[in-house]
Amino acid sequence: MKIAVASDHAGYELKKGVMDYLSERGIEHQDFGCRHGERVDYVDFGEKAVQSVCSGKHDRAVLVCGTGLGMAIVANKFKGIRATSCLDEYATEMSRSHNDSNCLTLGGRILPLDEALHIVRIWLDTEYEGGRHQERLQKIFDLEERNFKP
Ligand code: RB5
């Protein structure tokens, strides 16, 4: 699995912790910024990472801003992206098993590193269940087709 990673300044430190964790697990990843000390707009960096998932270069994305909310809003503008802002174990597990989340957004000003890494671990390791959930995802794909303006 290849993961695109990005943050703004508010998510920078947590992003570093997430990247260290991915490295420890031998999971290939690429940092799309921002860099240390920059003050940036989360929109620009979320877009770069998510574009890489849309192009097929990466399988999933992990995006970090202050709350995880701005990054989720940005990511969900892109066709085929199912971004979920996760704060607890249950929602994280469901985001994968029911929603087939391909983009995790985290809040660097909300979650301490250990809790965030617990969420990342669950998100990485939980399989999508398919079955009845695939019919629901298909409705999302259909909805995207109806509303997508290239
Ligand atoms: C930056 O101050 C903050 O607004 C941003 O990181 C994010 O939380 C937005 O959703």
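Label region 25-150 by shape, choosing from rounded, prolate and oblate, from the square roots a ≥ b ≥ c of the eigenvalues of the Cα gyration tensor; if a/c is under 1.5 it is rounded, and otherwise prolate applies when a/b is larger than b/c, oblate when it is not. Because a/c hits 1.5 or more and a/b fails to exceed b/c, region 25-150 counts as oblate. Report, in whole Å, the centroid distance computed from the Cα atoms of region 18-38 and region 76-150. Value for the Cα centre distance between the two parts: 19 Å. Rounded to the nearest 500, the 222 nm mean residue ellipticity of the chain from helices alone is -14500 deg cm²/dmol, with -39,500 (n - 2.57) taken per DSSP H run of at least 4 residues.
Farthest towards the positive end of the charge dipole of the chain, among the residues ALA91, ALA49, THR126, is the Cα of ALA49, using unit charges on the Cβ of Lys, Arg, Asp and Glu. Pop the C-beta distance of LEU113 and ASP59 into the FRET formula with R0 = 25 Å and round what comes out to the nearest 0.05. For R0 = 25 Å, the calculated efficiency reads 0.60. Compared with the dominant Cα axis of the chain, that is its longest principal axis, helix 132-147 is turned about 90°.
Using only the alpha-carbon atoms, how far is helix 113-125 inclined from the longest principal axis of the chain? Give it as 0 to 90 degrees, nearest 10. Approximately 30 degrees, to the nearest 10.
Compute the angle between helix 42-54 and the longest alpha-carbon principal axis of the chain, please, reported from 0 to 90 degrees and rounded to the nearest 10. Helix 42-54 sits at roughly 50 degrees to that axis.
Under the rule a/c < 1.5 gives rounded, and otherwise a/b versus b/c splits prolate from oblate, where does region 77-150 land using the Cα gyration tensor? Here region 77-150 falls in the oblate category. Give me the one-decimal nm value for the distance between modelled label points at GLU145 and ASP88, 7 Å along each residue's Cα-to-Cβ direction. About 3.7 nm, to one decimal. Taking all protein chains in place and a 1.4 Å probe, what share, in percent, of the accessible surface of the chain do carbon and sulfur account for? Percent of accessible area from carbon and sulfur atoms in the chain: 49. Magnitude of the charge dipole for the chain, about its Cα centre and with charges confined to Cβ atoms of Lys, Arg (+1) and Asp, Glu (-1), is about 480 debye.
So which lysines can LYS139 reach, going by Cα to Cα under 21 Å and dropping same-chain residues fewer than 8 places off? The qualifying lysines are LYS77, LYS79, LYS149. Checking every one of the GluC sites (Glu not before Pro) in region 1-49 against DSSP loop status and a limit of 13 other Cβ atoms within 10 Å picks out GLU38.
According to the square roots a ≥ b ≥ c of the eigenvalues of the Cα gyration tensor, what is the shape class of region 45-107, taking rounded for a/c under 1.5, prolate for a/b larger than b/c otherwise, and oblate for the remainder? Oblate, since a/c reaches 1.5 and b/c is not below a/b.
For the chain, the solvent-accessible area works out to 53 Å² per residue, with a probe of 1.4 Å and every protein chain left in place.
The values are calculated or read from the model by the stated rules, or taken from the named source; none is laboratory data. Keep in mind the model is a prediction, meaning the values are calculated, not measured. So basically every Cβ, Gly included, is an ideal-geometry build from the backbone, and we count neighbours across all protein chains shown. With ligands, DNA and RNA removed, areas are computed over all heavy atoms of the protein, side chains included. Shrake-Rupley method; radii C 1.70, N 1.55, O 1.52, S 1.80 Å.
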